[in-house]
1. Per the Kirkwood treatment, what hydrodynamic radius in Å, one decimal, follows for the stretch 75-115 from the mean inverse distance over all distinct Cα pairs?
2. Report the label-to-label distance for VAL80 and TYR99 in nanometres (one decimal), using points 7 Å from each Cα along the Cα→Cβ vector.
3. Report the net charge of residues surrounding GLU64, where surrounding means a beta-carbon distance below 14 angstrom and charges are Lys +1, Arg +1, Asp -1, Glu -1.
4. Can you put GLU64, GLU32 in order, fewest other beta carbons within 10 Å first?
5. In the neighborhood of TRP74, defined by Cβ-to-Cβ distances under 15 Å, what is the net charge if each Lys or Arg adds +1 and each Asp or Glu adds -1?
6. Quick one: what are the phi-derived ³J(HN,Hα) couplings along the stretch 102-111, Karplus 6.51/-1.76/1.60 with θ = phi - 60°, whole Hz, x for glycine and proline?
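Bear in mind these aren't lab numbers, they're just calculated from the coordinates by the rules spelled out. Everything numeric here is computed off the predicted structure, so don't read it as measured data. We place every Cβ from the backbone using ideal geometry, glycine too, and count neighbours over all the protein chains shown.
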Amino acid sequence: MARTSRQQRRQRRGIAAGTPPLQPARKPEPVEPVREAAVESAAPTPERQSEGRSGIRGVRFVQESIAELKKVEWPTQHQVVSGTAVVLVACLLVGTFLYVNDRVWSYLVQHVLLR
């Protein structure tokens, strides 16, 4: 499910800061399957078919969603406040620009073009 942990991502990003790079994990040696398990998995039972269709997919989706949410780097309170302030200031500037632009064009249309 989760491919890398937060610590592994931070180590990988910290290579320029002088921390040693993370060593990749070795792939395990292939193990020959037991013959009984192969026969059992080759013929799915009706119970297995119904599990795959209804409940298991939903449970797997929830587990993968939780794993992805653990990987998210959430912003700090300071970052949220400063981001909100930037958006509000930008909205005020654009709103003011549009208001002034509307007043100028309405004056031009009424007093210059419609005379």
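1. Working: mean 1/r = 0.0805 Å⁻¹.
When all Cα pairs of the stretch 75-115 are included, the Kirkwood radius is 12.4 Å.
2. The answer from the label model is 3.0 nm.
3. Values: positive: ARG3, ARG57, ARG60, LYS70, LYS71; negative: GLU68.
Once all neighbours under 14 Å are counted, the net charge is +4.
4. On the way: GLU64 12, GLU32 6.
Fewest to most other Cβ atoms nearby, the residues stand as GLU32, GLU64.
5. Working: positive: ARG6, ARG9, ARG10, LYS70, LYS71; negative: GLU68, GLU73.
Net local charge, TRP74 excluded: +3.
6. Running phi through 6.51 cos²θ - 1.76 cosθ + 1.60 with θ = phi - 60° gives 5, 5, 5, 5, 5, 5, 4, 5, 6, 9 Hz.
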